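Okay, structure first, notes after.
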Amino acid sequence: VREHESQPDPGSVHLWFATLNALRPRLDKYIELLDPVEQERAHRFRFVHDRERFVLGHGMMRELLGRYLQRDAASLRFARGPHGKPYLEHAHVHFNFSDTKDAILMGIRVGHALGVDIETLARDVDHEAVSTHYFTHQEIEAIRGAGSDAKQRFLEFWTRKEAVLKASGVGIMEDLRVLRVDAPHNVMSISHETFKEMAAFEYHLRSWRTGTGHIFSLATADPVREVALYSYA
């Protein structure tokens, strides 16, 4: 990672990916970067792996934002939206963070909100059973028609829905079946009051699969000209 990262122009997004194994040598350093609230949250985790994932993810987030903003990473203070989405006050850099059991993804953009989500293909999930509770009829049919790639298609749709909710700042919505994400252009009618109040008129979605066996998605309220993916190691 370079000492200072140039901020993306308004039409582009920077995505940073790292495995927990690659970040683990920084564990002690990252603990020192966290503020007292984050350190207290870290100590509340029952299992060591979950605590390490929290420290490594939030430490990476602080280190990256510090480099983009040319500020001391430990001095950054985060505020939170009404549904818990963190942000930096008086900063034009927007960011979003996601983790899965063995990897971290962070998105950075100037001037506009974004949402990202990552999942590992190694995740143990009954995609057929879960699909009926969270996906539209069209999405379920697309998963069933994917054959051996059914699990990958399931995780693609799942990360897209999560990315939209994170981009909007809502975070959670009871019925994800009203949020369709399988087509190039999805028309939907959502009655969720908080979503209608906080979300943009539309979201543009893109998904990728990495050679490490991960799927991740990006949601933005406007088209993005360029997405740059970097490995954080």
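The values are calculated or read from the model by the stated rules, or taken from the named source; none is laboratory data. Given the structure is predicted, the values throughout are model-derived calculations rather than measurements. Using ideal geometry, Cβ is built from the backbone for each residue, glycine included, and neighbour counts are taken over all protein chains shown. For accessibility, only protein heavy atoms count, side chains too; no ligands or nucleic acids. Shrake-Rupley method; radii C 1.70, N 1.55, O 1.52, S 1.80 Å.
For every residue, the table says whether it meets (1) touching a Pro at 6+ places or on another chain (Cβ under 9 Å); (2) under 24 Å from L88 (Cβ atoms); (3) outside any loop (DSSP other than H, G, I, E, B); (4) modelled with pLDDT under 90.
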position: L165; (1), (2), (3), (4): no, yes, yes, no
position: M173; (1), (2), (3), (4): no, no, no, yes
position: R177; (1), (2), (3), (4): no, no, yes, yes
position: A183; (1), (2), (3), (4): no, no, no, yes
position: M188; (1), (2), (3), (4): no, no, no, yes
position: T194; (1), (2), (3), (4): yes, yes, yes, yes
position: D222; (1), (2), (3), (4): no, yes, no, no
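Looking for whichever is assigned to a loop (DSSP other than H, G, I, E, B) and of a type in the set (G, A, S) here; the options are A122, A79, A74. Which one fits? Walk me through how you get there before you give the answer.
Numbers: A79 fails: assigned to a loop (DSSP other than H, G, I, E, B); A74 fails: assigned to a loop (DSSP other than H, G, I, E, B).
After ruling out the rest, the residue left standing is A122.
Suppose we filter K196, K166 for residues that are on the phi < 0 side of the Ramachandran plot, surrounded by 22 or more Cβ atoms within 10 Å (Cβ to Cβ) and of a type in the set (K, R); which single one remains?
Being on the phi < 0 side of the Ramachandran plot, surrounded by 22 or more Cβ atoms within 10 Å (Cβ to Cβ) and of a type in the set (K, R) holds for just one of K196, K166, which is K166.
Report the residue count in region 134-145 for those that are free of Cβ contacts under 8 Å to residues at least 24 places away in the same chain and under 24 Å from the mean Cα position of the chain (by Cα).
We begin by selecting, within region 134-145, every residue free of Cβ contacts under 8 Å to residues at least 24 places away in the same chain; these are 137, 140-141, 143-145.
Retained after the next criterion (residues that are under 24 Å from the mean Cα position of the chain (by Cα)): 140, 143.
Of the residues in region 134-145, 2 are free of Cβ contacts under 8 Å to residues at least 24 places away in the same chain and under 24 Å from the mean Cα position of the chain (by Cα).
Filter region 80-105 down to residues that are farther than 17 Å from E63 by Cα and open to solvent by less than 40 Å² (accessible area, probe 1.4 Å) and give me whichever is modelled with the highest pLDDT.
T100
Quickly run through region 83-93 and pick out the residues that are more than 15 Å from L34 (Cβ to Cβ) and either in a strand (DSSP E or B) or over 18 Å from the mean Cα position of the chain (by Cα) (or both).
Of everything in region 83-93, those that are more than 15 Å from L34 (Cβ to Cβ) and either in a strand (DSSP E or B) or over 18 Å from the mean Cα position of the chain (by Cα) (or both) turn out to be Y87, L88, E89, H90, A91, H92, V93.
Within region 24-51, restricting attention to residues that are aliphatic (A, V, I, L, M) and under 17 Å from F95 (Cβ atoms), which residue is surrounded by the most Cβ atoms within 10 Å (Cβ to Cβ)? Outline the logic, then answer.
Step one: of region 24-51, the residues aliphatic (A, V, I, L, M) are 27, 31, 33-34, 37, 42, 48.
Among the residues that remain, those that are also under 17 Å from F95 (Cβ atoms) are: 33-34.
Details: L33: 22, L34: 19.
The selected residue is L33.
With the requirement that a residue be open to solvent by less than 80 Å² (accessible area, probe 1.4 Å) and not aromatic (F, W, Y), what does region 11-23 give you? So that I can check it myself, show each step before the final result.
Pass one, region 11-23, residues open to solvent by less than 80 Å² (accessible area, probe 1.4 Å): 11-20, 22-23.
Result: G11, S12, V13, H14, L15, A18, T19, L20, A22, L23.
I need a count of the residues in region 1-28 that are of a type in the set (V, I, T) and at pLDDT below 95.
Total meeting the criteria: 1.
I'd like the residue in region 62-76 that is open to solvent by less than 10 Å² (accessible area, probe 1.4 Å) and of a type in the set (A, V, I, L, M) and, out of all such residues, is nearest to L20 (Cα to Cα). Before you say what the answer is, go through the steps one by one.
Restricting attention to region 62-76, the residues satisfying the condition of being open to solvent by less than 10 Å² (accessible area, probe 1.4 Å) are 62, 64-66, 68, 76.
Imposing the further condition that a residue be of a type in the set (A, V, I, L, M) reduces the set to 64-65, 76.
Details: L64: 16, L65: 19, L76: 23 Å.
Among those residues, the one meeting the criterion is L64.
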